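The values are calculated or read from the model by the stated rules, or taken from the named source; none is laboratory data. Predicted, not measured: the structure shown is a model, and the values here were computed from it. Reconstructed Cβ throughout: ideal geometry from the backbone, glycine too, with neighbour counts over all protein chains shown. Accessible surface is based on the protein model in full, side chains and every heavy atom, while ligands, DNA and RNA are left aside. Shrake-Rupley method; radii C 1.70, N 1.55, O 1.52, S 1.80 Å.
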Amino acid sequence: MARTATIARSIFRQYDIRGIVGKDLTTDVAYAVGRGYATYLHEKGISGAIAVGRDNRPSGPDLRDALVRGLTESGFDVIDIGTVPTPVNYWCLHHLPVAGGIQITGSHNPPEYNGFKMSVGTGSLHGDEIQRLYELWTAGQFPQGKGRVREEDVLQRYVDDVVQRTGKLSRPMKVVVDCGNGAGALVAERLFSRLGVQATYLFCDSDGTFPNHHPDPTVPENLEDIIRAVREKRADIGVAFDGDADRIGVVDGDGEIIWGDHVLILYARDVLARTGKGQAVIFDVKCSQALPHEVEKAGGRPVMWKTGHSLIKDKMKEMHAPIAGEMSGHMFFTEGFYGHDDALYGAARLLRIVADSGKSVSELLADVPKFVSTPEIRIEVPEEKKFGLVDEAVRHFRAKYDVVDVDGVRVLFGDGWGLIRASNTQPVIVARYEARTPERLAAIRGEMEGWLRSNGVKV
């Protein structure tokens, strides 16, 4: 392929490459990613095979073929692990003889999106390193070779490992599992049957067009089916997955949504009780104030950090944290696991915690301070404007309030907070608000959304 093919730099994002298939993400781009990634490894003196997987979107096979061609023409062997959830690709970094991995996935984005999540060694490629791939492609100086491709089926080995680590549940539990037709459907039934749960499966047939509901458990409308099923079946708990199964959604036995920050409270209490106090627990800027309160109460050190799976994993390594999580449902485990985000393992671990407690999820969380909050609110803002808008928000609100600017601006009002940050995966800004009372929540939201409107944003 001629190097002069048009490739939009805007799809090279903070922690992955992602775009609309056929528009800014084409087979030419996939080939360029393979060439750029191989050149990056060559530049670092890294050799070895690359694990290549994909989620179940219809665009995956063509992008895979082009990516693999770029890798093999650069002299790198490929181990094709087929259609798998993204966490299985991460798992392979620890279990296959590979120098890195690339997962072709659109994650929680609509079906017309796809992209690439990349790893070197067992760590994620992100930030300036992803921009370096674009620069290497533009320079056009690629290593040459003739790599080989072999296929390897890893799903059963992955399931065996998760089951061995979590164990069969200590008591019977009725669980509703919603895969949203995503890649988690390839694993869910064989995993949960091994755990001994009485499972009801929703949309656990693999279909990357997502014909039933969109697989993004941060959006309440996408949880309506599982809420209804939990109530009808009188289940103990419901677990849902996003499109590539690296984010978990949870519904308690009453059909109430348990957001990611409260799920992390359950994990944090468990790990701190079992492995010792004083350890860091990492969470992102979108999480409730209830989370750091409960982490401190359990003897841990709460650390607020930037949103993004690569950024969270780096912070975990820096602070030797056993566990971390995001409001969006990414949950990370170094204690007992490999340090990456895995919603399938996370679900198994959560079920074990609930089963061993002898209590329901709502009973386990009954003593957590109650705040009134919104879910994540996504507001469309053009890609080229969103970061500048957030920078201006930091300046504006810092002049009036205490702020946390580790990722966007979290404005501290004393009896509540509001957040405005730029998404690294979509042309949106993400907002969230929390307060002690509905009245204060409305006031905080009104002030911050009023500022957005004054800057031309439709809220």
Positions within region 378-396 being open to solvent by less than 30 Å² (accessible area, probe 1.4 Å) and in contact (Cβ under 8 Å) with a residue 24 or more places away in the chain, in sequence order: Ile379, Val381, Lys386, Leu389, Val390, Ala393
Among the numbered conditions (1) free of Cβ contacts under 8 Å to residues at least 24 places away in the same chain; (2) more than 17 Å from Val285 (Cβ to Cβ); (3) not aromatic (Phe, Trp, Tyr), tell me where Leu412 comes up short. (2)
Looking at region 215-240, I want the residues that are of a type in the set (Lys, Arg) and have a partner that is at pLDDT 95 or above and not in a strand (DSSP E or B) with Cβ atoms under 9 Å, at least 6 apart or on another chain. Which pairs are those? Arg228/Gly255; Arg231/Gly253; Arg231/Asp254; Arg231/Gly255; Arg234/Gly253
Would you be able to tell me the number of residues in region 282-325 that are aliphatic (A, V, I, L, M), at pLDDT 95 or above and in a helix (DSSP H, G or I)? 5
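From the residues in region 175-225 that are acidic (Asp, Glu) and surrounded by 21 or more Cβ atoms within 10 Å (Cβ to Cβ), which one is farthest from Val250 (Cα to Cα)? First the steps, then the outcome.
Going through region 175-225, the residues acidic (Asp, Glu) turn out to be 178, 189, 205, 207, 216, 221, 224-225.
Now restrict to residues that are surrounded by 21 or more Cβ atoms within 10 Å (Cβ to Cβ): 178, 216.
Working: Asp178: 10, Asp216: 12 Å.
For region 175-225, the residue satisfying everything is Asp216.
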Being more than 21 Å from Phe337 (Cβ to Cβ), surrounded by fewer than 22 Cβ atoms within 10 Å (Cβ to Cβ) and not aromatic (Phe, Trp, Tyr), is that true of even one residue in region 272-289? yes
For region 5-14, check the following and say yes or no: at least one residue is more than 15 Å from Arg148 (Cα to Cα), in a strand (DSSP E or B) and among the hydrophobic types (A, V, I, L, M, F, W, C). yes
Only one of Asp405, Asp415 is farther than 16 Å from Leu291 by Cβ, surrounded by 15 or more Cβ atoms within 10 Å (Cβ to Cβ), charged (D, E, K, R) and in contact with a Lys or Arg (Cβ under 9 Å, 6 or more places away or on another chain); which? Asp405
Out of (1) under 15 Å from the mean Cα position of the chain (by Cα); (2) over 25 Å from Phe371 (Cα atoms); (3) in a loop (DSSP other than H, G, I, E, B); (4) not hydrophobic (A, V, I, L, M, F, W, C), the one Ser328 does not meet is (2)
Could you check region 175-261 for strands (runs of 3 or more DSSP E) lying wholly inside it with 1 or more residues that are charged (D, E, K, R)? 248-252
With (1) over 20 Å from His108 (Cβ atoms); (2) modelled with pLDDT of 95 or more as the list, and Arg9 as the residue in question, which single condition is left unmet? (2)
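From the list Trp259, Trp305, pick out the single residue that is of a type outside the set (Val, Ile, Thr), open to solvent by 10 Å² or more (accessible area, probe 1.4 Å), out of contact with any strand residue (DSSP E or B) (no Cβ under 7 Å at 6 or more places or on another chain) and within 23 Å of Gly416 (Cβ to Cβ). Before the answer, list the steps.
On the way: Trp305 fails: out of contact with any strand residue (DSSP E or B) (no Cβ under 7 Å at 6 or more places or on another chain).
One residue alone meets the criteria, Trp259.
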